[in-house]
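The values are calculated or read from the model by the stated rules, or taken from the named source; none is laboratory data. Fair warning: this is a prediction, and the values are worked out from it, not measured in the lab. Reconstructed Cβ throughout: ideal geometry from the backbone, glycine too, with neighbour counts over all protein chains shown.
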Amino acid sequence: MTKREAERLTRQMDTLRALGFTRDECDSLRRISMTLQRWHERECGTDGGCIERDETTGKPYWVSTWGSQWSTGKRCRTAIPDRETGARNRLAAILAARNERRAWANDCPSHAVGTVTIYIQGDPRGAALYIIRPGDVPEGGDVNAYYSRGVCVY
């Protein structure tokens, strides 16, 4: 890790801590963001294949582009662990715990941040997770247009 990367990571950690997340939650948010970003990359596809979900069951499969299956027109599908659903579940639990703690800490005006929400960016070319604070999205605005005002977790 370079000095610049360490400084960026420290600033990100400080910002998340100021929003009311614990140190362990900050680390988990970063891991979740990296997991989702890798998942989105693989959904878009690599040279070796891509992730596809079964339309009826929703179970993820790795569809390989290697081997003789492409010359014969058959696709090789292999069941894989659903890391996206697990990451989203962990993210929901962390967010609920943080918002519940903040609801009890309303008597401290210096830390009054309010309820935060999340935005998951499905495009693999950037960070996958943004923490949306109150006021980041204007009244009546769409979060898809204003998510970059939030705190980027990468």
Do you know which residues across the range 1-53 are surrounded by fewer than 17 Cβ atoms within 10 Å (Cβ to Cβ) and basic (K, R)? K3, R4, R8, R11, R17, R23, R31, R38, R53
Going by what's in this entry, would R102 be described as in contact with a Phe, Trp or Tyr (Cβ under 8 Å, 6 or more places away or on another chain), modelled with pLDDT under 90, surrounded by 11 or more Cβ atoms within 10 Å (Cβ to Cβ) and of a type in the set (D, E, K, R)? no
Only one of R38, R30 is touching a strand residue (DSSP E or B) at 6+ places or on another chain (Cβ under 8 Å), at pLDDT 95 or above and assigned to a helix (DSSP H, G or I), namely R30
May I ask you to list pairs of residues, at least six apart or on different chains, whose Cβ atoms are under 8 Å apart, with the first in the range 27-51 being of a type in the set (F, W, Y) and the second being crowded, with 19+ Cβ neighbours inside 10 Å and assigned to a helix (DSSP H, G or I)? W39/E84; W39/A87
What residue, among those in the range 1-21 that are outside any helix (DSSP H, G or I) and in contact (Cβ under 8 Å) with a residue 60 or more places away in the chain, is farthest from Y154 (Cα to Cα)? G20
Condition broken by D82, with the remaining ones in (1) surrounded by 11 or more Cβ atoms within 10 Å (Cβ to Cβ); (2) of a type outside the set (S, T, N, Q); (3) more than 18 Å from the chain's Cα centre (by Cα); (4) more than 21 Å from A127 (Cβ to Cβ) satisfied: (3)
